[in-house]
Amino acid sequence: MNAALNPAPMPLWMVAELTYRCPLHCAFCSNPVDFAKVESELSTEEWFRVFAEARALGAVQLGLTGGEPLSRPDLELLVAEAHRLGFYTNLITSGVGLNETRMRALKDAGLDHVQLSFQDSTRELNDFLSSTRTFDLKRRVATLIKGHGFPMVMNCVIHRLNIDHVDRIIDLALEIGAEYLELANTQFYGWADLNRAQLLPTREQLERSEAVVAGYRQRIGKQLRILYVISDLYETRPKRCMNGWGTTFMVVAPDGLVMPCHAARMLPGIDLPSARNTSLQQIWRDSPAFNRFRGDQWMPEPCRSCPEKAKDLGGCRCQAFLLTGDVGATDPVCDKSPLHGRVLQIVNGPRPVAPAVERPLVFRTPENSRRLIADTAEP
């Protein structure tokens, strides 16, 4: 245990990835590409214990996500237990599996908030990007959510294939009565990293979309709050990793692995603990995984002597690993990084003219996951 880092700050958010099962096959999914390895999900009783331990640590908000959390038949029981413990609960869903009966049951269980994902404003592209026929279903689910009085966030991941539709996506959010619209430019982890060449927008596209969002904000005022998150690759300073590694968020994967961020299970040399055999209090305070990148003692130069290091805390560890091969490197998004040129090569490099045609997307399916696992297996 590193005494200089303890007592650790209390976690405010717990993200419960209830399952990696999902009826959608989105090519930008942040789930690990080897999710097919995960076969043993936490039981209802195990999740009850995890919720209680997180609440005892101080967590007050609980994100119920996946995969698709509605794939769990015990979702209503999990929501009821979280409500009993005093969590503010947020269901993050594609809408698939949500009908009047389950909506009423979730309301009765104490669910507080729903975030509904769309892939685009049109049926054709929404269904292509998810490799499903779900657009009409999502419209019906939006009506259900509003009909039961839930505050609703509409989420749409933005990338090269839909960024030119931002105006129509905002119009859709207004039409379905969303209070918030999250336009999150793709962060390139998991399946999105596999499809980066097809999904990364051009700088010109990004600038146009920012102008569109600014115009809508001015016109519609408080009618819809639009959250527009730019991809780190187009910045000169990285964002804090989950507001700082091991400072605010705790993510529990379907099999019980406990992570400081959604993508951490791909990082080499990080021995992630399991909630199945270790308490969350011990994991949060004492585990090498959560203490590894807390504070600034781990930082290499130029981060260590940078006067701005408290702002980004060295940036994203997963991004640093994917772009440099070194989990402890300065995030190369920062233009002070000696490897920043790698980011410039990506964002300024040549792009496929027709990305989804010239280089077909790798969709998130169990079959593709098993193939990728086999391709990377030791000979």
Notebook entry, point to check: What accessible area, in Å² to the nearest ten, does a 1.4 Å probe give for Glu124?
Noted result: 130
Note to self: In the chain, if the dipole is taken from +1 on Lys/Arg beta carbons and -1 on Asp/Glu beta carbons about the Cα centre, which of Val114, Ala52, Leu267 is farthest to the positive end?
What the structure shows: Val114
Next item on the list: May I ask you to order 8-17, 312-321 by the average number of other C-beta atoms within 10 Å around their residues, highest value first?
Entry: 312-321, 8-17
Margin query: Using a 1.4 Å probe on the protein heavy atoms, what percent of the accessible area of region 47-126 belongs to carbon and sulfur?
Written below: 55
Notebook entry, point to check: Near Leu194, within a Cβ-to-Cβ distance under 15 Å, what is the net charge of the other residues, with Lys and Arg +1 and Asp and Glu -1?
Noted result: +2
Check: Amide H to amide H, which residues 5 or more places from Ile226 or on other chains are under 5 Å from it, using H placed in the peptide plane?
Finding: Leu181
Item checked: Links that overshoot a 24 Å alpha carbon limit, given the list Lys222/Lys309; Lys311/Lys336; Lys146/Lys222; Lys239/Lys336 -> Lys222/Lys309
Next item on the list: When a/c is below 1.5 the answer is rounded, else prolate if a/b is larger than b/c, else oblate, so apply that to region 305-379 with a ≥ b ≥ c taken from the square roots of the Cα gyration tensor eigenvalues.
Entry: oblate
Next item on the list: Please give the per residue accessible area of the chain, computed with a probe of 1.4 Å over protein heavy atoms only, in Å².
Entry: 43
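Please label the shape of the chain as rounded, prolate or oblate, based on the square roots a ≥ b ≥ c of the eigenvalues of the alpha-carbon gyration tensor (a/c under 1.5 means rounded; beyond that, a/b larger than b/c means prolate, else oblate).
It comes out rounded by the Cα gyration axes.
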Next item on the list: List, in order, the whole-Hz ³J(HN,Hα) value for each residue of region 324-339 obtained from phi through the Karplus relation with A = 6.51, B = -1.76, C = 1.60 and θ = phi - 60°; use x for Gly and Pro.
Entry: 10, x, 10, 5, x, 6, 4, 4, x, 4, 5, 6, 8, 6, x, 10
Notebook entry, point to check: How much length is gained on full extension from Val60 to Arg102, taking 0.36 nm per residue of separation minus their Cα-Cα distance?
Noted result: 12.7 nm
Next item on the list: Quick one: compute the contact order of the chain, relative version, from alpha carbon pairs under 8 angstrom and 6+ residues apart, as a percent.
Entry: 20
Note to self: Please state the shape class of region 134-190: rounded when a/c is under 1.5, otherwise prolate if a/b exceeds b/c and oblate if not, all from the C-alpha gyration tensor.
What the structure shows: prolate
Check: Dipole size in debye (nearest 20) for region 34-181 around its Cα centre, Lys and Arg Cβ +1, Asp and Glu Cβ -1?
Finding: 240
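Quick one: Kirkwood hydrodynamic radius for region 166-258, alpha-carbon pairs, angstrom, one decimal?
The Cα-based Kirkwood calculation yields 15.6 Å.
Could you put Arg160, Arg364 in order of accessible surface area, largest first, with the 1.4 Å probe and the full protein assembly present?
Values: Arg160 40, Arg364 5 Å².
Result, largest first: Arg160, Arg364.
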Margin query: On a 1.4 Å probe surface of the protein chains, which of Val327, Val96 comes out largest in accessible area, and what is the full order?
Written below: Val96, Val327
Notebook entry, point to check: Under 15 Å from the 7 Å Cα→Cβ point of Thr365, by amide nitrogen: which residues of region 8-42?
Noted result: 22-28, 36
Next item on the list: Using +1 at the Cβ of each Lys and Arg and -1 at the Cβ of each Asp and Glu in the chain, identify which of Leu200, Leu233, Gly177 lies farthest towards the dipole's positive end.
Entry: Gly177
Next item on the list: Amide H neighbours of Ile158 under 5 Å, at least 5 residues apart or on other chains, H built in the peptide plane: list them.
Entry: Ala184, Asn185, Thr186
Check: Amide H neighbours of Arg359 under 5 Å, counting only residues 5+ apart in sequence or on other chains, H built in-plane at 1.01 Å?
Finding: none
Notebook entry, point to check: How large is ³J(HN,Hα), in whole Hz, for each residue of region 19-24 in order, when computed from phi with the Karplus curve 6.51 cos²θ - 1.76 cosθ + 1.60 and θ = phi - 60°, using x for Gly and Pro?
Noted result: 6, 9, 5, 7, x, 8
Note to self: Give me the mean projected area, in nm² to one decimal, of the convex hull enclosing the Cα positions of region 1-150.
What the structure shows: 10.5
Check: Looking at Val33, Leu257, Leu161, which one has the Cα that reaches farthest to the positive end of the dipole of the chain (charges on Cβ: Lys, Arg +1; Asp, Glu -1)?
Finding: Leu161
Next item on the list: Pop out the ³J(HN,Hα) list for region 360-371 in order, Karplus 6.51 cos²θ - 1.76 cosθ + 1.60 with θ = phi - 60°, rounded to Hz; leave Gly and Pro as x.
Entry: x, 5, 9, 7, 6, 10, x, 5, 5, 5, 5, 5
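The values are calculated or read from the model by the stated rules, or taken from the named source; none is laboratory data. None of these values were measured; they are calculated from a predicted model. Virtual Cβ from ideal backbone geometry, glycine too; neighbours counted across all protein chains shown. Calculation scope for accessible area: heavy atoms of the full protein, side chains included, ligands and nucleic acids excluded. Shrake-Rupley method; radii C 1.70, N 1.55, O 1.52, S 1.80 Å.
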